[in-house]
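A.B. asks: Quick one: structure below, then a few questions.
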Amino acid sequence: MDTVIVAFERESLSRKFCDLLEDTGTARCVVCTSGSQVRRALNTQQVYCVIAGCRLSDGPSEWLVGDLPSCASLLMVGPQHQLDLCSNPDIYKLATPVRREDAVNTVALLNQFGHRMERFVRSRRTQAEQDLVGQAKAALMERYGMTEEEAHRTIQKRAMNSGCRLVQAAQKILSE
């Protein structure tokens, strides 16, 4: 189950929204009442969705957009006339009164969207790991006169045959 941050100026509103999400098995919730609490929670939690009222105790919730990880979304919940004041296209909006099904489905969809976005945003290998694979390719190319593509396939084949990651196979090649 995914974790979401629920941030309303009044903690009682946050609790109501959390109860809805947790009772339906949609998400685990972290309750916040200020933007600074949300920012701290973002540093300790893997979150794909932040649900917030239009205003938090330390300012407008739209200020949070720049602090969100690239695979997380902000869902602003509030009266339509207040939502209309926010022109940021990166903020999803849900007007009150909110139907239970709409809240649950919207949060589930934003979490699913975050999972898919993470695949595109997250680098599969660190720069150091990429450099290591590149060095192993260069060594194979120099030793055996392989092309870069042949060297890469050789590292892949060794990794598959030994049941290890590509980076580990590259380390073995370099240590030989």
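A.B. asks: For Cα pairs less than 8 Å apart in space and 6+ apart in sequence, what is the mean separation divided by the residue count of region 127-175, i.e. the relative contact order in percent?
C.D. replies: Relative contact order of region 127-175: 45 percent.
A.B. asks: Quick one: net charge of ALA52's neighbours, Cβ under 15 Å, K/R +1, D/E -1?
C.D. replies: +1
A.B. asks: Also: Would you mind counting up the charge near GLU148? Only other residues with Cβ under 12 Å from its Cβ, with Lys and Arg at +1 and Asp and Glu at -1.
C.D. replies: -1
A.B. asks: Direction-averaged shadow area of the convex hull around the Cα atoms of the chain, nm²?
C.D. replies: Values: hull surface 52.8 nm².
So the Cα hull casts an average projection of 13.2 nm².
A.B. asks: Going through region 37-113, which trypsin sites (Lys or Arg not before Pro) have at most 10 other Cβ atoms within 10 Å and a DSSP loop state?
C.D. replies: The qualifying sites are ARG99.
A.B. asks: Here's something else I'd like to know. Could you tell me which residue out of ASN161, TRP63, SER34 lies farthest along the dipole of the chain toward its positive end? Charges go on the beta carbon: Lys and Arg +1, Asp and Glu -1, centred on the Cα centre.
C.D. replies: Highest projection toward the positive end goes to ASN161.
A.B. asks: Follow-up. Contour minus end-to-end for ALA95 and ARG143, with contour as 0.36 nm per residue of separation and end-to-end as the Cα-Cα distance?
C.D. replies: 10.8 nm
A.B. asks: Near LYS93, which lysines are there with a Cα under 23 Å away, not counting those fewer than 8 places off in the same chain?
C.D. replies: Filter leaves LYS16.
A.B. asks: Something else about it: Given springs between every Cα pair under 10 Å in a Gaussian network model of the chain, which of LEU64, LEU75, LEU132 has the largest fluctuation?
C.D. replies: Most flexible of the set in this elastic network: LEU132.
A.B. asks: Sticking with this structure for a sec: Over region 127-175, with a single point scatterer placed on each C-alpha, what log10 of the ratio I(q)/I(0) does the Debye formula yield at q = 0.13, 0.19, 0.20, 0.24 1/Å?
C.D. replies: Here log10 of I(q) over I(0) equals -0.23, -0.49, -0.55, -0.79.
A.B. asks: Additional query: Starting from the Cα gyration tensor of region 1-58, take the square roots of the eigenvalues, sort them a ≥ b ≥ c, and report rounded, prolate or oblate (rounded when a/c is under 1.5, otherwise prolate if a/b is larger than b/c, else oblate).
C.D. replies: Oblate, because a/c is 1.5 or more while a/b does not exceed b/c.
A.B. asks: With springs connecting C-alpha atoms under 10 Å apart, model the chain as a Gaussian network and identify which of CYS164, CYS71, CYS86 has the largest mean-square fluctuation.
C.D. replies: CYS164
A.B. asks: When the chain is treated as a GNM, springs tying every alpha-carbon pair under 10 Å, which of ILE51, ILE91, ILE155 comes out with the largest mean-square fluctuation?
C.D. replies: Result: ILE155 has the largest fluctuation of those listed.
A.B. asks: Follow-up. For ASN88, what is the net charge nearby, where nearby means another residue's Cβ is under 15 Å from its Cβ and Lys, Arg count +1, Asp, Glu -1?
C.D. replies: With Lys, Arg at +1 and Asp, Glu at -1, the net is -2.
A.B. asks: Give the calculated FRET efficiency between ASP67 and GLN135 to the nearest 0.05, with a Förster radius of 35 Å applied to their Cβ-Cβ distance.
C.D. replies: Calculated transfer efficiency: 0.40.
A.B. asks: Relative contact order of the chain, please, whole-number percent, based on alpha carbon pairs below 8 angstrom and at least 6 residues apart.
C.D. replies: Relative contact order of the chain: 16 percent.
A.B. asks: Report, by chain and number, residues whose modeled amide H sits under 5 Å from the one on TYR48, excluding near sequence neighbours (fewer than 5 apart, same chain).
C.D. replies: Amide H neighbours of TYR48: THR3.
Readers should treat all values here as calculations from the given coordinates under stated rules, not as data from a laboratory. This one's a predicted model, so the numbers in the text were calculated from it and none came from an experiment. Cβ sites come from the backbone with ideal geometry, for glycine too, and all protein chains shown count toward neighbours.
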